Amino acid sequence: MVKPRERFIPDGVNLVYGEVDRVEPDGNEVLLADGRRLLYDDLVIATGVEPRPDQTPGMLDGGQWRESIFDFYTYDGAVALAKALLDFDGGRLVVHIVDMPIKCPVAPLEFTFLADAYFRGRGMRDRVEIVYATPLPGAFTKPIASKHLGSMLDERKISVETDFLVERVDGTTLVSYDEREINFDLLVTVPLNMGADYIARSGLGNELNLVPVDKHTLLSKACPNIFALGDASDIPASKAGSVAHFSVEVFTDNFVRYARGEPMTGRFDGHANCFVESGAGKGLLIDFNYDTEPLPGRYPIPGIGPFSLLKETAINHWGKLAFRWMYWNLLLPGRPIPLPAHMSMAGKHTDKPTEE
Amino acid sequence: MPVTTIAGRDIHVDDEGFLTVYDEWDDDLAKRLAAQIGVDLTEAHWKAIRFLREDYPSQGETATLRRVSVIGGIPTKDLFTLFPKKPAKKMAYIAGLPKPHGCV
C-alpha cells in the first residue's frame, strides 16, 4: 500500500519537501514555512483539495467525530470507519454529502451500494435503514446517470433526501438550512472540500480556495505564468483522478508550446471516466465530459466494450480490479495508456443527434 | 433554442425556462420571472440578484450559494428564506442566468 514517492520522480527533477506559506505571484516566488524561497518562471499548482469537517458547525466539534460520524476520503477516516462498520449492530446509517464539488462524485454512491451488500452479507440488512442525503436534486449531478443510479438506490430500499444542504450537526442529527432534520446512528459524511489554505493567503483562490483557470488550458485567469492542475483548479468537472489524468495529457503538450512562446492548441474537454462498484461482484462505468453527460453504451471499443456504460456487469468490476495494476504501473509513472484523452461519442447511445 | 415571449418581448430560454442571453435581462423582466415562481421581490431579494448579475460576466458561471454567502456577504440561511426550497435555482432563474450546475 505504501510506496516511496521518490520512486515515481524522474531523474533531473529536484524534489523539495516543505510546507508552503504562500505564493507571491508578483515576485514569482514560493515562500516556504521554514523561510526558504523558491523562484520560478512558471508555476504549476497541484495541491488538490482536502476534506474540511471543521467547516460544518457541530461536525468536528460536536463530540461525535469518529464516534458516530465518519469520513472515508482520509486514511485515518477509512480505517476508523471500517472498525465502526464491524461494530455496527443496526440502526440508521446516513450517507451524506455536505456540498459540491467533492472528490470522486460517485464514491458516496459506491459506498452506499457496498454498505448495502455488506449488511446483506452479514445477514443484518433488515436491521439497517440506509438514507442517502445529498445537496443535489437527485442521486447524481447529471440527469440520465441520476435516473439510473437513483433507481439502483430504490431497488436496494435506500431512501434519498434531495436538496439537503446541511447547516449544522446537532449531536446525532443533521440539520439543513431549510430546517429539515435527519437523525443518525452512524453518519458517513463527505465534508466540504476546499483547496489548500496557502492559496487563500496568496490571493489566488475563490471562495473554496480553488484557483480560477481557463477550463480548456488550465492557465490561471489572474496570472499568465501560473497553471493549476487536478483538484486544485475550479474547472467545472469532477474532482476525479481520471479528470486529472486526461487533463494532464492535454496540458503537457500545451506546456511545451507555451514554454516556447507558441499558442496552446490543446483544449481539455472535461473528460471523466469512473468505475462505480455496485456490490456483489458487479460494477458500472461512466464516461462523460463538460458537454456530454454519462450515457449508456460500450467502452472503449464502440459496440464491443468489453465494458458497459451505465450498466451493472461483472466485467466492469474486473476492470476496476485491473485498474489497480494500471494505476501503479502505467498511470503514475506517466506511461501511455490505450485510452484517448478526449471523450468520444462512438459507442454511446443517445436519443439526440450529437456531433462527434 | 426555444424563444418565449415575456412582457411583449422575445426572450431566448433553455428547455427549463432559464434565460440564455445575458443582455436580454432587465429589472422589469426579473419581476415577471419572479412572479412566475411565486417570489415577490423585496430589497433583500434584489441584493442577491444584483450580486449574481455582477458576478457572472467575470466568472462565466452562475455563483453558487457558497459564493453568494462568502463573496456576496448574504448568509445562506437568508437565501433559503428569500428563495424557499431551491434558492440557487430560483435566484439564477430570476437573474436571467444559466441554471447553476451543482458541479459535476
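Derivation of every value follows stated rules applied to the coordinates shown; laboratory data play no part. Keep in mind the model is a prediction, meaning the values are calculated, not measured. With ideal geometry, Cβ positions are generated from the backbone for all residues, glycine too; neighbour counts draw on all protein chains shown.
Placing a pseudo-label 7 Å from each Cα along the Cα-to-Cβ vector at B:T4 and A:E293 gives an inter-label distance of 1.9 nm. Judged by the gyration tensor of its Cα atoms, with axes a ≥ b ≥ c, the stretch A:178-324 is oblate; a/c meets the 1.5 cut and b/c is at least as large as a/b.
Ordering of A:151-161, B:35-45 by packing is A:151-161, B:35-45, highest average first (other Cβ atoms within 10 Å, averaged per residue).
Summarising the label geometry, the points placed 7 Å from Cα in the beta-carbon direction at A:L339 and B:V21 lie 4.1 nm from one another. Overall, the stretch A:269-356 carries a charge dipole of about 460 debye about its Cα centre when +1 sits on the Cβ of Lys and Arg and -1 on the Cβ of Asp and Glu, all other atoms neutral.
Please compute the average number of Cβ atoms from other chains found within 10 Å of each residue's Cβ in peptide B:56-67. Each step should come with its number before you reach the end.
Working: counts 0, 0, 2, 4, 5, 4, 0, 2, 6, 4, 8, 3.
Partner Cβ neighbours, averaged per residue: 3.
Kindly identify the stretch A:57-190 as rounded, prolate or oblate by the Cα gyration tensor criterion: order the square roots of the eigenvalues as a ≥ b ≥ c, call it rounded if a/c is under 1.5, otherwise compare a/b with b/c, prolate if a/b is larger, else oblate. Rounded, because the longest to shortest axis ratio a/c is under 1.5. Using only the alpha-carbon atoms of the stretch A:269-356 as identical scatterers, what base-10 log of I(q)/I(0) does the Debye formula give at q = 0.14, 0.15, 0.18 Å⁻¹? Cα-only, vacuum Debye calculation for the stretch A:269-356: -0.50, -0.57, -0.81.
Per residue of chain A, the DSSP helices (runs of n ≥ 4 H) give a summed -39500 (n - 2.57) that works out to -7000 deg cm²/dmol at 222 nm. Listed by chain and number, the aspartates and glutamates placed with their C-alpha closer than 18 angstrom to that of A:K83 are A:E67, A:D71, A:D116, A:D185; residues fewer than eight positions away on the same chain are left out.
Dipole size of the protein assembly as shown about its Cα centre, with +1 on Lys/Arg Cβ and -1 on Asp/Glu Cβ: approximately 1140 debye, rounded to the nearest 20. By the count of other C-beta atoms within 10 Å, a proxy for reagent exposure, A:Y73, B:Y93 are ordered fewest to most as A:Y73, B:Y93. Taking the longest Cα principal axis of chain A as reference, the axis of helix A:314-326 is set at about 40 degrees. Taking a straight line from the alpha carbon of A:K221, these lysines sit under 20 Å away, with near neighbours fewer than eight places off in the same chain left out: A:K239. Taking the number of Cβ atoms within 10 Å of each Cβ as an exposure proxy, the fewest-first ranking of A:C274, A:C223 is A:C223, A:C274.
Oblate is the label for the stretch A:127-213, because a/c, from the alpha-carbon gyration tensor with a ≥ b ≥ c as root eigenvalues, is 1.5 or above and a/b does not exceed b/c. Going by alpha carbons, how many degrees (0 to 90, nearest 10) lie between the helix axis of A:75-87 and the longest principal axis of chain A? In chain A, helix A:75-87 runs at an angle near 10 degrees to the longest axis. Between their Cα atoms, which of A:K215/B:K85; A:K311/B:K86; B:K31/B:K86; A:K311/B:K85; A:K282/A:K348; A:K3/A:K311 are more than 28 Å away from each other? The answer is A:K215/B:K85; A:K311/B:K86; A:K311/B:K85; A:K3/A:K311. Of all DSSP-defined beta bridges confined to chain A, some 60% are antiparallel rather than parallel.
Extent along the principal axes, Cα only, for the protein assembly as shown: 65, 64, 52 Å, with the longest axis given first. Expressed as a whole percent, the proportion of Cα-Cα pairs in the stretch B:3-94 lying more than 17 Å apart is 46%.
Could you calculate the FRET efficiency of A:A346 with A:L39 from 1/(1 + (r/R0)^6), where r is the beta carbon distance between them and R0 is 41 Å, rounded to 0.05? So, using R0 = 41 Å, E works out to roughly 0.30. Structural descriptor for chain A: relative contact order 16 percent, calculated from alpha carbon pairs under 8 angstrom and at least 6 residues apart.
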